[in-house]
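A.B. asks: Handing you this structure, nothing more for now.
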Amino acid sequence: MNFSAEKITAMIDEKMPQLQQDLTELVAFKSIHSTPGLEEDNSGAAQWVVDAYTKAGIPCEAIDTADGSKTVAGHRPAAEGFPTVLLYSHYDVQPAGDVSEWTSDLWTLTERDGRWYGRGSSDCKGHVAMHLAVLNVMRELAEDGHEDYGKLGIRVIVEGSEERGGYGLEDLLEQRPELFEADLFMIADSGNDALGEPSVCTALRGSAPVKVHLKTIEQPMHSGQYGGAAPDALLELIKLLSTLHDDNGLVAVEGLQPKNHWDGVGPDNETFRENAGVLDGVNVIGVDEGFEPIDLTVSNPSITVTGLDSLSVADSINSVPATAAAVVSLRVPPGRDPKECQDQLIAHLEKNRPNAIMEIERVARAEPFSADTSGPYLREFSEAIGEVYGKETVEVASGGSIPLTNKLLSKFPEAELALYGIEEPLCRIHSADESVSPVEIRDIAASELLFLTRVAGTAANK
């Protein structure tokens, strides 16, 4: 039986109170990978996923990985003639940041102004709960006489270190590829360009960050007695970092300067300003130089300082800093080699070596991703999304990185991969007051459910 998009959406609507409760329980876990003192939260979140997905009909286990995280893996074998679909998400989250910037407790899912707020509500615990709702509806339909829906092969992979690690899952893929084998990988860790605008993501940038450590004197020294002559490590770091961009804010590293333009859809300057929260009186970078924001966030390398070690303003003392360090995040567009780009960044730092002892540490790289959307599963999934939203699905790109995408397709080249999700711009992922729209999570869940029922129905009718 083929259900209409309206009927499928109504089925998900009935699950929304339970989905909200599930997300409330998940958000309560402080599941920040590799943070001392939060081991029980990470283990607890993994066990919650194991129990919930097993109850939904997909037997799961938590597997220890090489980076110290737990990956939840589950499998319901396909009946003869039915394909296998892998549903991916992750239960780990970004650190809290400045807690004072949150309007409500970040570990308590809070409904406000028609949205649900909490760390991980959209990235990516919202996807964990979304997949769960879809699987529960599929299980109930199979028990209610639609046996074919229970014949579809389902794999589940819920990662525990995507935000602050990631190599644990890649190592698991190398060591136990049978846990991942599928005809279609459904990677729910992306989103639409705008709330209510259906899309699938077809391009991601890779990453090639480095850590820079500077040391100038043996220990901090009194700024009155030594300041002005003793080299200041923080000032040396500031001078070094200032060479990474030109006076207009564009990347200035040789070989990484912007030159490409994105030929797909994306937010215009004004929409980008609103989405990014750019303040009045502050210019969006590149506009006066002929670049649209999407050009710089998708088609070209970007460099951002994402961490800085020095004394805080609140803890400042009258001394010359002896050490300083920074994390320099380099994003790499499709078509560029992350290793080559990282080499160019390091060469630039060495060329502009400051008056300090400098150490540069390479951080794990991730390959950029470019999707092939010509396969039958991707076409049918795009159609399903469009039917639920009532408008045509568009292909979009993201400046983010998901290392798993290329690794999966390298291991299983005959499979297809769909990248999509609930993370529209208002979600403010990785920021204070992260949230998710219940309407968006419902519609993405309905799109996924509509697609899976049709895949099962097509297989049954062959």
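A.B. asks: State the number of residues belonging to region 313-352 that are open to solvent by 50 Å² or more (accessible area, probe 1.4 Å) and either in the same structural domain as residue 98 (by the TED database) or within 22 Å of residue 227 (Cβ to Cβ) (or both).
C.D. replies: 7
A.B. asks: Kindly indicate the residue of region 6-29 that is β-branched (Val, Ile, Thr) and farther than 18 Å from residue 448 by Cα and also farthest from the chain's Cα centre (by Cα) among those meeting that condition.
C.D. replies: The extreme case among them is 24.
A.B. asks: Follow-up question, since we're still on this one. Looking only at region 422-436, which residues are in contact with an Asp or Glu (Cβ under 7 Å, 6 or more places away or on another chain) and either over 18 Å from residue 97 (Cβ atoms) or hydrophobic (A, V, I, L, M, F, W, C) (or both)?
C.D. replies: 422, 424, 427, 429, 432
A.B. asks: Continuing with this model, one more query. What number of residues within region 325-343 are among the charged types (D, E, K, R) and farther than 11 Å from residue 209 by Cα?
C.D. replies: 3
A.B. asks: Okay, moving on. Give the residues of region 361-383 that are farther than 21 Å from residue 205 by Cβ and out of contact with any Lys or Arg (no Cβ under 7 Å at 6 or more places or on another chain), sorted by residue number.
C.D. replies: 374, 375, 376, 377, 379, 381, 382, 383
A.B. asks: Moving on to the next point. Looking only at region 195-246, count how many residues are open to solvent by 70 Å² or more (accessible area, probe 1.4 Å) and farther than 21 Å from residue 348 by Cα.
C.D. replies: The total comes to 10.
A.B. asks: What's the total number of residues in region 70-120 that are on the phi > 0 side of the Ramachandran plot and open to solvent by 30 Å² or more (accessible area, probe 1.4 Å)?
C.D. replies: 4
A.B. asks: Considering each of 181, 162 in turn, give the residue that is under 30 Å from residue 394 (Cα atoms), in contact (Cβ under 8 Å) with a residue 60 or more places away in the chain and either buried (at least 22 other Cβ atoms within 10 Å of the Cβ) or β-branched (Val, Ile, Thr) (or both).
C.D. replies: Working: 181 fails: either buried (at least 22 other Cβ atoms within 10 Å of the Cβ) or β-branched (Val, Ile, Thr) (or both).
When all the criteria are applied, what remains is 162.
A.B. asks: Continuing with the same structure: Would you point out which residue out of 399, 390, 386, 375 is touching a Ser or Thr at 6+ places or on another chain (Cβ under 9 Å), within 27 Å of residue 152 (Cα to Cα) and assigned by the TED database to the domain that holds residue 162?
C.D. replies: Going through 399, 390, 386, 375 in turn, just one is touching a Ser or Thr at 6+ places or on another chain (Cβ under 9 Å), within 27 Å of residue 152 (Cα to Cα) and assigned by the TED database to the domain that holds residue 162: 386.
A.B. asks: When you scan region 58-67, do you find a residue that is hydroxyl-bearing (Ser, Thr, Tyr), open to solvent by less than 40 Å² (accessible area, probe 1.4 Å), under 28 Å from residue 142 (Cα atoms) and assigned by the TED database to the domain that holds residue 150, even just one?
C.D. replies: no
A.B. asks: With 28, 10 as the choices, which residue is free of Cβ contacts under 8 Å to residues at least 24 places away in the same chain, open to solvent by 30 Å² or more (accessible area, probe 1.4 Å), assigned by the TED database to the domain that holds residue 89 and of a type outside the set (D, E, K, R)?
C.D. replies: Testing whether each residue is free of Cβ contacts under 8 Å to residues at least 24 places away in the same chain, open to solvent by 30 Å² or more (accessible area, probe 1.4 Å), assigned by the TED database to the domain that holds residue 89 and of a type outside the set (D, E, K, R) leaves just 10.
A.B. asks: A further question on this structure: If I filter region 284-298 down to residues being in a loop (DSSP other than H, G, I, E, B) and farther than 19 Å from residue 204 by Cβ, which single residue comes out as most open to solvent (accessible area, probe 1.4 Å)?
C.D. replies: Taking the candidates together, the pick is 285.
A.B. asks: If we keep just the residues of region 31-57 that are hydroxyl-bearing (Ser, Thr, Tyr) and assigned to a helix (DSSP H, G or I), which is least open to solvent (accessible area, probe 1.4 Å)?
C.D. replies: In this case the residue turns out to be 53.
A.B. asks: Take residue 103 and tell me if it is without any contact (Cβ under 8 Å) to a residue 40 or more places away in the chain and touching a Phe, Trp or Tyr at 6+ places or on another chain (Cβ under 8 Å).
C.D. replies: no
A.B. asks: Quick check on my filter: what residues within region 430-462 are buried (at least 24 other Cβ atoms within 10 Å of the Cβ) and assigned to a loop (DSSP other than H, G, I, E, B)?
C.D. replies: Correct list: 434 only.
A.B. asks: Also, I was wondering about something else. For region 299-322, name all the residues that are hydrophobic (A, V, I, L, M, F, W, C), part of a loop (DSSP other than H, G, I, E, B) and modelled with pLDDT of 95 or more. Please lay out each step first, then the result.
C.D. replies: Quick first cut of region 299-322, residues hydrophobic (A, V, I, L, M, F, W, C) only: 303, 305, 308, 311, 313-314, 317, 320, 322.
Subset that is part of a loop (DSSP other than H, G, I, E, B): 311, 313-314, 317, 322.
Correct list: 322 only.
A.B. asks: Residue under question is residue 151, and the condition is that it be surrounded by fewer than 24 Cβ atoms within 10 Å (Cβ to Cβ), touching a residue at least 40 places away in the same chain (Cβ under 8 Å) and of a type in the set (Lys, Arg); does it hold?
C.D. replies: Spelling it out, residue 151 is indeed surrounded by fewer than 24 Cβ atoms within 10 Å (Cβ to Cβ), touching a residue at least 40 places away in the same chain (Cβ under 8 Å) and of a type in the set (Lys, Arg).
A.B. asks: In addition: Of the conditions (1) in contact (Cβ under 8 Å) with a residue 60 or more places away in the chain; (2) over 30 Å from residue 39 (Cα atoms); (3) surrounded by fewer than 20 Cβ atoms within 10 Å (Cβ to Cβ), residue 140 satisfies every one except a single condition; which number is it?
C.D. replies: Condition not satisfied by residue 140: (1).
A.B. asks: Does region 407-423 include one or more residues that are more than 27 Å from residue 276 (Cβ to Cβ), within 16 Å of the chain's Cα centre (by Cα), open to solvent by 20 Å² or more (accessible area, probe 1.4 Å) and touching a residue at least 40 places away in the same chain (Cβ under 8 Å)?
C.D. replies: yes
The values are calculated or read from the model by the stated rules, or taken from the named source; none is laboratory data. This structure is a prediction, so every number in the text was calculated from the model and none was measured. Glycine gets a Cβ as well: all are built from the backbone with ideal geometry, and neighbour counts include every protein chain shown. Only protein heavy atoms, including side chains, enter the accessible area calculation; ligands, DNA and RNA are left aside. Shrake-Rupley method; radii C 1.70, N 1.55, O 1.52, S 1.80 Å.
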